[in-house]
1. Just to be sure, is A330 touching a residue at least 12 places away in the same chain (Cβ under 8 Å) and over 24 Å from L266 (Cβ atoms)?
2. Sort out which residues of the stretch 322-332 are more than 19 Å from M223 (Cβ to Cβ) and crowded, with 18+ Cβ neighbours inside 10 Å, and write them in order of number.
3. Among the numbered conditions (1) assigned to a helix (DSSP H, G or I); (2) outside the structural domain of L50 (by TED's automatic domain parsing); (3) at pLDDT 95 or above; (4) surrounded by 17 or more Cβ atoms within 10 Å (Cβ to Cβ), tell me where F129 comes up short.
4. With the structure loaded, tell me whether P79 is within 22 Å of H163 (Cα to Cα), outside the structural domain of P364 (by TED's automatic domain parsing) and surrounded by fewer than 21 Cβ atoms within 10 Å (Cβ to Cβ) or whether it fails that test.
5. Kindly evaluate S158 against the criterion of being buried (at least 18 other Cβ atoms within 10 Å of the Cβ) and over 30 Å from N377 (Cβ atoms).
6. Of all residues in the stretch 333-355, which are surrounded by fewer than 18 Cβ atoms within 10 Å (Cβ to Cβ) and farther than 14 Å from W283 by Cβ?
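The values are calculated or read from the model by the stated rules, or taken from the named source; none is laboratory data. Keep in mind that this is a model prediction, so the values were computed, not measured. Ideal geometry is used to build each Cβ from the backbone, glycine not excepted, and the neighbour counts take in all protein chains shown.
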Amino acid sequence: MSWSERLVRDQRRQTDCAIHRAYIRLAQHQPELEKFHQLLQVVRQRTPRLFDAPVCNGHHLGVEALVHLSRYRNWHIRPISDWEGTNASWRPVVSMLADRLICRYKLPVFLSSSWYAIDSMAERKRNWFVAYSRGGSFRSLNLPMVMTRKMEHIFLASQDHLHIEHGFRRAELIALGAPAEVVNAILSTRLATDLSHGEFWRTVWVFLVQNCRDIDPAQIGPMIDFIHAVRHERIRVETADGIRKLDPLQPLFSMKGRTVQSMLRLMNEWHRSLGKGGPAFFWKGLPVSPLVLDETNEDGLGVPRRWQMVELTSSSQLRSEGAALHHCVASYADRCRRGASSIWSLRFWRGEKLHHVLTVEVDPNRRAIIQARGRANRPASGKPLQLLQDWALKERLRMAI
């Protein structure tokens with residue numbers, strides 16, 4: 001059996017399992033179960049490409065959309081029985097289904113991602129969709145950040161493939177006057193999807209916009225990591241009673257009176273402190289295959305290189321990676337332990353010597369590569385970038401950098 005045939009068979013198996021679990025989830029709610037069954041039959045007959053949707057953290061996103069559209073059956077304003085269907089891919093299918101069932105007014109396509117969202121804000125996003133589909137302004141809803149009229153205009157013009165959180169952050173930054181390189185740098189960090197502490201982070205964005213000419217875009221990600229760590233991340237410490245979590249180092253950290261030079265100095269001092277060790281802890285890796293590639297020299301001479309892409313699954317591995325490439329990946333240990341991030345290392349062996357090349361962050365929920373940093377936070381390029389793209393294609397990971 002070929003690789004493509006195995007892939008198709010595995011997708012069908014995962015789809016069948018997801019449908020079975022959906023019936024179990026809805027078993028105690030007969031009207032929702034009946035609506036799900038009806039939607040499922042129509043989709044199978046008229047738009048089966050919905051089942052090509054990926055599986056993220058055990059959730060088939062196409063089936064998730066059907067489940068949640070069924071749960072919101074009381075908001076349906078049109079029947080599905082006379083829908084003609086479509087040959088479009090799975091994302092447009094979700095948008096068309098939501099538009100058909102719920103919308104009085106046409107909504108931007110990217111808002112339909114709320115129906116297959118599985119994050120902590122998923123239910124809020126679905127409620128936004130329903131409320132906005134009835135008319136009125138989006139910025140009047142119960143949003144995670146203060147949205148101006150300008151932000152609302154930019155947000156609602158977001159590209160179809162964007163997730164809602166990305167749309168929020170992008171609109172906020174553009175409305176504040178951030179240049180493209182600053183927007184792209186911020187959207188490649190955890191703050192692209194983490195919308196908590198919005199009032200504080202807006203002061204950071206203002207600082208970056210005001211000082212954008214004096215800040216290397218490659219330093220924006222590390223600066224955000226530093227600020228997030230000292231202000232918002234609780235500290236794991238080893239005591240006689242086991243591991244305890246203490247309050248963040250500087251929970252009242254403010255941007256008031258800061259300069260670019262002082263921020264870089266504080267960031268570098270914090271970075272050096274990450275290599276001093278601490279209690280080691282481990283986490284489970286992603287169900288994604290590593291990369292191994294033997295590269296011979298064109299002239300057949302010299303020692304060949306063996307490339308590897310491996311997942312880092314302990315805090316000590318992150319510290320070693322950060323020390324080798326002079327960046328702050330060690331600060332991601334708690335995110336990895338919680339399953340919010342997955343960190344991979346692209347390196348190669350030449351003889352008995354190991355060379356670290358890139359540190360890669362994968363967002364498990366979106367199955368997307370959202371960061372790739374080389375030595376001193378340099379962006380990926382050349383052969384390493386090509387290998388990263390090949391690995392992403394093989395493992396069905398989306399490149400979001």
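1. Against the criterion (touching a residue at least 12 places away in the same chain (Cβ under 8 Å) and over 24 Å from L266 (Cβ atoms)), A330 does not qualify.
2. None; the set is empty.
3. (2)
4. no
5. When the stated conditions are applied, S158 does not pass them.
6. Hits for the stretch 333-355 are W349, R350, G351, E352, K353, L354, H355.
Each row is one residue, and each column tells you yes or no for (1) surrounded by 15 or more Cβ atoms within 10 Å (Cβ to Cβ); (2) within 26 Å of R396 (Cα to Cα); (3) in contact with a strand residue (DSSP E or B) (Cβ under 6 Å, 6 or more places away or on another chain); (4) at pLDDT below 85.
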| site | (1), (2), (3), (4) |
| --- | --- |
| L264 | yes, no, no, no |
| P279 | no, no, yes, yes |
| D299 | no, no, no, yes |
| G302 | no, no, no, yes |
| T359 | yes, yes, yes, no |
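Residue-by-condition table, conditions (1) surrounded by fewer than 22 Cβ atoms within 10 Å (Cβ to Cβ); (2) in contact (Cβ under 8 Å) with a residue 40 or more places away in the chain; (3) within 22 Å of M121 (Cβ to Cβ):
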{"position": "D16", "(1), (2), (3)": "yes, no, no"}
{"position": "L33", "(1), (2), (3)": "yes, no, no"}
{"position": "Q38", "(1), (2), (3)": "yes, yes, no"}
{"position": "V42", "(1), (2), (3)": "yes, yes, no"}
{"position": "P48", "(1), (2), (3)": "yes, no, no"}
{"position": "N57", "(1), (2), (3)": "yes, yes, yes"}
